Amino acid sequence: MAVQCDLHRVPGFVPLALVCIAAWLTQPLTSPADDGLDRIRQRGTLVWGADQEGGGPFIYPDPDNPSLLTGFEVELAQLIAEHLDVKPQFSQGQWDKLPDLLDRGDIDLVLNGYEWTTNRAERYGLSIPYYIYELQLLGRVADDSLTSWDDLLKPADGRKRKVSLLGGSAAQDYVERFGGDNVDVALFEGATDAMDATELGLSGIDANVQDLPIWLFYAKGFPQLRPIGEPVGRGYYVAMARKSDQDLLRAVNEILLQALQDGRLHRIFAKYGIWNDTQMMRGLETDKSGGFVGSPDPAADGETKDAATASYQPSGGWTVIQKRGGLLVRSAGMTILLSITAMPIAVFIGLLIALARLYGPWYLGKPAAVYVEIVRGTPLVLQLYLIYFLVPKLLDIIFPGMELTINAFAAAVMGLAINYSAYEAEIYRGGIQSIPRGQMEAAISLGMSRSLALRRIIIPQATRLVLPPMTNDFIALFKDTAVCSVITVVELSKQYYIQARSAGAIVELGLLTALLYLAMSYPLSVMTNRLEKNLNQERRG
Amino acid sequence: MIELTNIVKRYQQHEVLRGVSLKVADGEVCVLLGPSGGGKSTLLRTINGLESFDSGSIRVSDIVLHAAAGPERDAALLQIRKRVGMVFQQFNLFPHRSVLENVTEAPIHVLKQSREAAVQNARRILARVGLADKENARPGSLSGGQQQRVAIARTLAMNPEAILFDEPTSALDPRTTAEVISVMTDLAASGQRMIVVTHAMSFARTVAHQVHILHAGRIAESGPPEQIFEAPQEAITQEFLSEAARA
């Protein structure tokens, strides 16, 4: 018994076909025009990318004023920018996504402990090394069964040795090549997490292999760890630019060379306690007359590793909350902003999708169903990534030369809205279907068009039904905003990782962060309960 | 004038309406009687398009509704629905709106009346069905009889040429049935054209101008109530009436 359709259809809506977007994945990357240095000079800023979460000594919140950044790469960026006669401008990005930001044109330069590799050299312009790193094997002070790299290969207590590593790092490559099948690895996202886990012996971890500068910087914070053997696996930290920005790369090389020769780099590295003899092996140090002096900047001769003025200072308790709590609260603002912007859009798109599926002709209904399946069946993090990195490319293809782009916040809101729209669509569909058919019949019997009946009679009733489950989804969305850090949005969770890792106050700041999330979601919980209660009362009449 | 000509409707192979024709003149009350499954409600619902039909035609004044689906039929239906109201067995009031809003909804949004005019008219109609004091109530808080009277008021607010009643008292107890029948009788007396599917025999007997007995998708017998109730010609009619009397 089908109710007759009248002329008035649901407004047309063609859902985004993510499949099409995915097809662009295979497109070759197009590089921005070859005018990097000019563009930077015109703009007056050098935009450089790094991940604060990676922590010291590279770039981390200043312990005395956590809203400011410090670290040797911050000073390096300053040095390079001065040389270009512009101001440095920091841009936060997740470490492994920094090359993508370079491709996107969001940043001019990556300065974040990126190692020189042949793969990277093929794709990007890599500067001369600003630092020569080595890898240090670390073991527990209390564990005297591990005294050399070779010990790693020997099973202890009948099981293979386990080494904690920073995922995707040169240390991982090295250990896997060295140990092969004889060593187990445990991958971590933060260098300090890996050291923490080793110190505590979590999940059977015996050792850690760390970039030497990180160990030098953090050694004081990990008294239960000790270096084992000489540093190994020498490699280069390089600045990374787009391949086409050759002028920029040449200028970076110029200033690095100068600063190596005149001791400025020496002073920067010494400040963070990471200068060592390996850096001198380049033999570049000259005096004002241009003659090789054999050792770096004479003024810095007296300095030793102990003279470092900046190093890891773990803090905790009430002080760390006082000092860094404000930053977390501010980042909670970003979490709220993302949520309250994305959710209404999600609900609106969800409604359109639900209507298309329920009342639309097949050419709207079928794509709407496909949309729901695709969006529900793929991870949010992938959707965000596609939107942030692929939409600009699409725009560039559709509107060539207009240099349209999408900023991280907008991409985050779009991604969250699209992701949640699939769920809201299903909730709305269920809600609309649970409205008795007699309501639609009564409405159209009064001469209403189908769309008017939907707008005035069906949707308002369905909306009251779907409010409680949607509020539940809103709470989930609050927490899902954490994923937005992959596209450079710093919200509460990301800020927590940054602050907790640099302060070593995982517990205190973790509790505060949890409290902030709770403070945001609890009122919504209360609201859901109240809505459900009202609805039940109404139903009972 | 409402005229149904040779209406045929099938569900798959089964013919539920097998060529029904009837006329309802202005000011007339037409009652459809017959055993369950005889096609009464289905026939009623074809008139305002809640059911499609497979052949035949329906004329409401100058509007003709044909079987073939398409924009013409849709346009005709929209016109018919503005002129022909419907009252359902299950009331189908809008639960999220007050009684007054239920009545003003269509006049404001379909007839584009001003809110003031619609409210004024709605109050008059609510008084007429005896619910002047309930305008701010929610439908859920009313008794069945009160809800059905609101439904009638909602239909009346469209100033319809005819009202279709689809078993308006079948969901009600005897006392509230009486309330609704009284309102319907009052309407009939004022010359409102109505087509009523009902099991309320007394209403058919006392108020109808024409009674049609529908059986197995056909009109078995038609006539004024005196004839149908006092001197039924067809065996089907006799059987139906004696069963109704036993019930």
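The values are calculated or read from the model by the stated rules, or taken from the named source; none is laboratory data. Since this is a predicted model, take the numbers as computed values, not measurements. Note that each Cβ is placed from the backbone with ideal geometry, even for glycine, and that neighbours are counted across all protein chains shown. Keep in mind that these areas ignore ligands, DNA and RNA; they rest on the heavy atoms of the full protein, side chains included. Shrake-Rupley method; radii C 1.70, N 1.55, O 1.52, S 1.80 Å.
Here is the size of segment B:2-246 from its Cα atoms: Rg then Dmax, 18.0, 55 Å. Where both bridge residues fall in segment A:132-236, DSSP classifies roughly 60% of the beta bridges as antiparallel. With the cut-off at 1.5 for a/c, could you classify segment A:132-236 from its C-alpha gyration tensor as rounded, prolate or oblate? Taking the square roots of the gyration eigenvalues as a ≥ b ≥ c, segment A:132-236 is rounded.
Pairs of Lys residues in segment B:2-246, spaced 8 or more positions apart or belonging to different chains, with C-alpha separations under 29 angstrom: 9 in total.
So how much slack lies between B:SER98 and B:ALA68, counting 0.36 nm per residue of separation and subtracting their Cα-Cα distance, in nm? All intermediate terms of the calculation are to be shown ahead of the outcome.
Numbers: separation 30, 0.36 × 30 = 10.80 nm, distance 3.82 nm.
Extra length available between B:SER98 and B:ALA68 comes to 7.0 nm.
The alpha-carbon of A:LYS162 sits under 18 angstrom from the alpha-carbons of these lysines, leaving out residues fewer than 8 places away in its chain: A:LYS154.
If you take the accessible area of A alone plus B alone and subtract the pair, what total do you get in square angstrom, rounded to 100, with a 1.4 Å probe?
2400
Mean partner shielding of peptide B:66-73, defined as the number of other chain Cβ atoms within 10 Å of each residue Cβ, is 1. With the radius of gyration and the Kirkwood radius both derived from the Cα set of segment A:468-534, what is their ratio Rg to Rh? Reported Rg/Rh, Kirkwood definition of Rh: 1.09.
Counting Lys and Arg as +1 and Asp and Glu as -1, each charge on the Cβ, what is the dipole of the protein assembly as shown about the Cα centre in debye, to the nearest 20? The partial results should precede the final answer.
Details: 74 positive and 85 negative charges, 702 e Å.
Around 3360 debye, computed over the protein assembly as shown.
Given a 10 angstrom Cα cut-off, can you work out which residue in B:GLN148, B:GLN13, B:GLN79 is the most mobile in a GNM of chain B? Maximum fluctuation in the GNM of chain B, among the listed residues, is at B:GLN13.
Here segment B:158-247 is described by how far its Cα atoms reach on the three principal axes: 39, 28, 23 Å, from widest to narrowest.
Please give the average number of partner chain Cβ atoms lying within 10 Å of the Cβ of each residue in A:455-468, rounded to a whole number. Intermediate values should be presented prior to the final figure.
Numbers: counts 1, 8, 7, 1, 0, 3, 4, 1, 1, 2, 0, 0, 0, 0.
Per residue, the average neighbour count from other chains is 2.
If R0 is taken as 22 Å, the Cβ-Cβ distance between A:ASN472 and A:LEU515 corresponds to a FRET efficiency of 0.60. Kirkwood radius for segment B:150-208, taken over all pairs of different Cα atoms as the inverse mean of 1/r, rounds to 11.7 Å.
Between 0 and 90 degrees, the angle of helix B:115-128 with respect to the longest Cα principal axis of chain B falls at about 60 degrees. With K and R counted +1 and D and E -1, the other residues having a Cβ less than 14 Å from that of B:LYS134 yield a net charge of +2. Rounded to the nearest 10 degrees, the angle from helix B:235-246 to the longest Cα principal axis of chain B is 50 degrees.
Considering only protein heavy atoms, what per residue accessible area in square angstrom results for segment A:132-236 with a 1.4 angstrom probe?
Details: 4580 Å² over 105 residues.
Result: 44 Å² per residue.
Students often get this wrong, so check it: of A:LYS220/A:LYS271; A:LYS243/A:LYS393; A:LYS160/A:LYS494; A:LYS220/A:LYS494, which have C-alpha atoms separated by over 23 Å? Working shown, then result.
Details: A:LYS220/A:LYS271 15 Å; A:LYS243/A:LYS393 18 Å; A:LYS160/A:LYS494 34 Å; A:LYS220/A:LYS494 25 Å.
Pairs exceeding 23 Å: A:LYS160/A:LYS494; A:LYS220/A:LYS494.
Return the inverse of the average 1/r over all pairs of distinct C-alpha atoms in the protein assembly as shown, which is the Kirkwood hydrodynamic radius, in Å to one decimal.
On the way: mean 1/r = 0.0306 Å⁻¹.
Hydrodynamic radius (Kirkwood, Cα only) of the protein assembly as shown equals 32.7 Å.
Annotation for B:ARG18 and B:ALA235: the two label points, set 7 Å from Cα along the Cα-Cβ direction, are 1.4 nm apart. Accessible surface ranking for A:LYS288, B:LYS112, 1.4 angstrom probe, highest first: A:LYS288, B:LYS112. Computed over protein heavy atoms with a 1.4 Å probe, the accessible surface of segment A:331-540 works out to 41 Å² per residue.
Annotation: B:VAL119 carries an accessible surface of approximately 30 Å², with a 1.4 Å probe and no ligand, DNA or RNA atoms counted. If we count every other residue with Cβ under 15 angstrom of A:GLU426's Cβ, Lys/Arg +1 and Asp/Glu -1, where does the sum land? Every neighbour counted, the sum reads 0. Net length available on complete extension from A:VAL507 to A:ILE336 is 59.2 nm, with 0.36 nm assigned per residue and the Cα-Cα distance removed.
Annotation: amide H-H contacts under 5 Å for B:ARG10 (H modelled 1.01 Å from N, sequence separation of 5 or more, or interchain): B:VAL16, B:ASP54.
For A:VAL185, the residues 5 or more places off, or on other chains, whose built amide H falls under 5 Å of its own are A:VAL163.
With a 1.4 Å probe and all protein chains kept in place, how do B:HIS212, B:HIS109 rank by accessible area, largest first? Numbers along the way, then the final one.
Numbers: B:HIS212 10, B:HIS109 45 Å².
So, going from the largest accessible area down, we get B:HIS109, B:HIS212.
For the listed peptides A:167-175, A:146-154, a ranking on the average number of other beta carbons within 10 Å per residue, highest first, reads A:167-175, A:146-154. With all pairs of separate Cα atoms included, segment A:375-418 yields a Kirkwood hydrodynamic radius of 10.8 Å. Neighbours of A:ALA197, meaning other residues whose beta-carbon lies under 12 angstrom from its beta-carbon, give a summed charge of -3 when Lys and Arg score +1 and Asp and Glu score -1. Distance from the alpha carbon centroid of segment A:242-283 to that of segment B:61-138 works out to 82 angstrom.
How big is the dipole moment of segment B:100-197 about its Cα centre under a simple scheme where the beta carbon of each Lys and Arg is +1, that of each Asp and Glu is -1, and everything else is neutral? Debye, nearest 20, please. Mind dumping the intermediate values first?
Numbers: 11 positive and 11 negative charges, 49 e Å.
My answer is approximately 240 debye.
For the Cα trace of segment A:331-540, dividing Rg by the Kirkwood Rh returns an Rg/Rh value of 1.05.
The C-alpha atoms of chain B define a longest principal axis, and helix B:71-83 lies at about 70 degrees to it. Neighbouring Cβ atoms from other chains, within 10 Å of the Cβ of residues in A:436-442, number 6 on average.
Along segment A:158-169 the Karplus relation, 6.51 cos²θ - 1.76 cosθ + 1.60 evaluated at θ = phi - 60°, assigns HN-Hα couplings of x, 10, 5, 5, 10, 10, 8, 9, 7, x, x, 8 Hz to successive residues, with x for each Gly and Pro. The HN-Hα couplings worked out from phi for segment B:21-32 by the Karplus form 6.51 cos²θ - 1.76 cosθ + 1.60 (θ = phi - 60°) are 10, 7, 10, 10, 7, 4, x, 8, 10, 10, 10, 9 Hz, whole numbers, x standing for Gly and Pro. Burial of accessible area (probe 1.4 Å, heavy atoms of protein chains only) in segment B:110-133, relative to its chain alone, reaches at least 40 Å² for B:VAL110. On the basis of the beta-carbon distance and an R0 of 22 Å, A:ASN529 and A:THR463 show a calculated FRET efficiency of 0.75.
Rolling a 1.4 Å probe over the protein heavy atoms gives chain B an accessible area of 41 Å² per residue.
Its alpha carbons give segment B:1-100 an Rg and a Dmax of 14.5, 45 Å. Need one number: % antiparallel among DSSP beta bridges in segment B:2-246, to the nearest 5. Looking only at bridges with both residues in segment B:2-246, the antiparallel portion is about 55 percent. The portion of the accessible surface of the protein assembly as shown made up by carbon and sulfur, rounded to a whole percent, is 54 (1.4 Å probe; DNA, RNA and ligands excluded).
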